[in-house]
Structures are given as structure tokens and as C-alpha cells.
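The values are calculated or read from the model by the stated rules, or taken from the named source; none is laboratory data. Just so you know, these numbers come straight off a predicted model, no measurement behind them. As a convention, Cβ positions derive from the backbone with ideal geometry for all residues, glycine included, and neighbour counts pool all protein chains shown.
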Amino acid sequence: MNTQNDSSAAVEARKISFNVETKTLLNRIDMRAERGSFVGLIGPNGAGKSTLLRAISGVLRNQEGAVWLEGSELSSMPTRDIASMLALVPQIAPYTQGFTAFELVLMGRYPHLGRFEIEGQTDDRIAKEAMHLTETEHFASRTLETLSGGERQRVFLARALTQQPQVLLLDEPTSNLDILHQLTILGLVRNLVDEGLTAIAAIHDLNLAARYCDQLVLLSNGSVLTEGKPEDVLTSETIELAFRVKSFVYREPVTDSLAISLIGPAEGAEAESFSSNSSATNLGTT
Ligand SMILES: Nc1ncnc2c1ncn2[C@@H]1O[C@H](COP(=O)(O)OP(=O)(O)OP(=O)(O)O)[C@@H](O)[C@H]1O
Ligand SMILES: [Mg+2]
């Protein structure tokens, strides 16, 4: 029977499986995020990170298993209740032509408004504060299509913060950001987590994941390969197993965080990676 027995989890997923036709995208995934913790999802392209975030957010349909959000089973919660507790910043920003950055951020208030209620001064203030925190206020009146990739990514984070969620899901939040904003945005999430937010983020940069996250979940082929504290998950053995890359893991003396030096592809991995990408082999042959 599906019962949650540990109330310290903000998110608990049990035996999540998801198939598309004959392909298994997620295979009996168990994971949990303690309230007030920052969990990083790591793993190679196609491992299932985005699919798992979608499953936890309630966007995915027809998944097997169960997800609890702050003790309530997700499948029994109305969409608006989910949105008032959880925000997802997707990997690929949805199509939003015509809206200004401020209008988009203000949309984050929607789950907190009554049926025919329009946004008021408090909602404006919350949206402005989120734009201040994400350093997006100076392009508040610009339409989204005029913003750069990194600027847009920060605007979508501002919208998620405007939702004032208890659980924040981030899919590659730093993928388009310059190095300053990688640090400030993950630092911002870290501060919010220290104040009680629960965050789960898919992150490709293993150094950033090790530095900012409390726990890591390493996914491979739709399954959890290993999970735990960054120093337990990020070993040169697990990195080679999951990513087919030789690495050296050490403690970086200036920041005292775990750091990974990438030495190169593991034996045979390079040839395998090119031969599995048939479109690359077709390039330039016509
Ligand atoms: N609708 C679909 N039909 C078939 N395959 C799908 C579908 N959606 C996702 N997949 C496949 O499922 C796998 C997992 O996708 P997912 O987007 O979760 O990976 P990811 O770990 O987020 O990868 P990335 O690091 O590239 O973002 C991929 O191989 C993807 O091609
Ligand atoms: Mg992804």
C-alpha cells in the first residue's frame, strides 16, 4: 500500500516508472527530498532527469508509482493546489511571444488568486522582489523575445519565485548563464533553501552540483545508479560508469568544495559516442 511514513520529506517519489511505446524512460525510481534541502539530479543526456522532474511536478500523465508533495499524494491534488506549493522552471522555455518580462513574472501569482481576482499591489511587490533577486528588473518592460537566452532563463526563475513555492524544481537552471550568474543564481537558490525552501535541480556541471547541493541523485538509463552526499556520489568510478569519462576528484583548497577534473573520454567511449549518433555520421556525406 502507498503510505507516506516520513513527514520530513517535502517530496517523496516511490517506484516511478514511465514508458513511451516500448522505451522505458523511468524505471522504478525512488527518491526523496528532505524539507529545506537542495537535491541535484545528475546524469548523462537522456538519463531521465527532465522526465523525473516532470513526474514530480505532476505534468506527466500515465506514470506508474506515487509522488507525495508535503505529505499529499500528487495524483489526488487539484492542479491549482500543486501550483501553489510547487514551481517548475523547465529546461526549454515555453513559447511566450508578446508578453513583457514583468507580465510573465506576475503570472506566477495565478495559483494564489481567487477565481475572478486580478493581481493587486501585494502581487506586484512579490513579482518585483523576485525580479530584483534574479537581477531581471532592468528589463521588466521588454518583451521576452527581445531577451537573450540567459536573461530569459532568469525571468522564468523569477516567475517561479513569484509563485512562492515550498518546492522549487529547476531543469538545468544555469545552462545559459555566464559564470557570474551561475554563481549568483545557485547562491540565491542555496540561500532560499537555507531559509526553508526545498529545491530539486537537474545540473550538468558536476562542480556546481557538488558545491551547492546537499544530496545528489545520479541517474543513468532511467534508473538511479547511486545517491547520497556529493562526496559519496561523485567518485571517479561512478563518473566513469555513468558518463564514460575519466576524471580526478579532489577537494578544491580555495572554496573547500569537491571538484572534478575531467581527464578525457574513457577507453572506447569516444568512438561509441560518435557511432551512436547517426546524424553526425551523415553530416557532409551528401
Ligand atoms: N515522448 C518521448 N518519446 C520517446 N522518447 C522520449 C520522449 N520523451 C523523452 N524521451 C527520451 O527519454 C529519454 C530521457 O529524456 P530526458 O529529457 O528525461 O533526459 P535528460 O536526462 O533530461 O537529458 P538531457 O541531459 O539531455 O536534458 C531520452 O532518451 C529522450 O529521448
Ligand atoms: Mg533534460
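A few points about this structure:
- Boolean, Arg159 is touching a residue at least 40 places away in the same chain (Cβ under 8 Å), more than 16 Å from ligand 1 (Cβ to nearest atom) and surrounded by fewer than 16 Cβ atoms within 10 Å (Cβ to Cβ): no
- Arg152 touching a helix residue (DSSP H, G or I) at 6+ places or on another chain (Cβ under 8 Å), away from ligand 1 (no atom under 16 Å from the Cβ) and touching a residue at least 24 places away in the same chain (Cβ under 8 Å): yes
- Segment 80-101 residues that are in the same structural domain as Asp171 (by TED's automatic domain parsing) and within 16 Å of ligand 2 (Cβ to nearest atom), paired with ones that are assigned to a helix (DSSP H, G or I) and at pLDDT 90 or above (beta carbon under 6 Å, 6 or more apart): Leu88/Ser57; Val89/Phe156; Val89/Leu157; Val89/Ala160; Gln91/Ser50; Ala93/Arg152; Ala93/Phe156
- Within segment 166-188, the set of residues being within 20 Å of Ala93 (Cβ to Cβ), surrounded by fewer than 21 Cβ atoms within 10 Å (Cβ to Cβ) and aliphatic (A, V, I, L, M) comprises Leu177, Leu188.
- Yes/no for Glu137 being closer than 24 Å to Ile82 by Cβ, surrounded by fewer than 20 Cβ atoms within 10 Å (Cβ to Cβ), more than 15 Å from ligand 1 (Cβ to nearest atom) and free of Cβ contacts under 8 Å to residues at least 60 places away in the same chain: no
- Counted residues, segment 22-69 - those being farther than 20 Å from Ala87 by Cα, of a type outside the set (Lys, Arg) and out of contact with any helix residue (DSSP H, G or I) (no Cβ under 7 Å at 6 or more places or on another chain): 10
- Looking across segment 146-156, the residues that are assigned to a helix (DSSP H, G or I) and either of a type in the set (Phe, Trp, Tyr) or surrounded by fewer than 22 Cβ atoms within 10 Å (Cβ to Cβ) (or both) come down to Thr146, Gly149, Gly150, Glu151, Arg152, Phe156.
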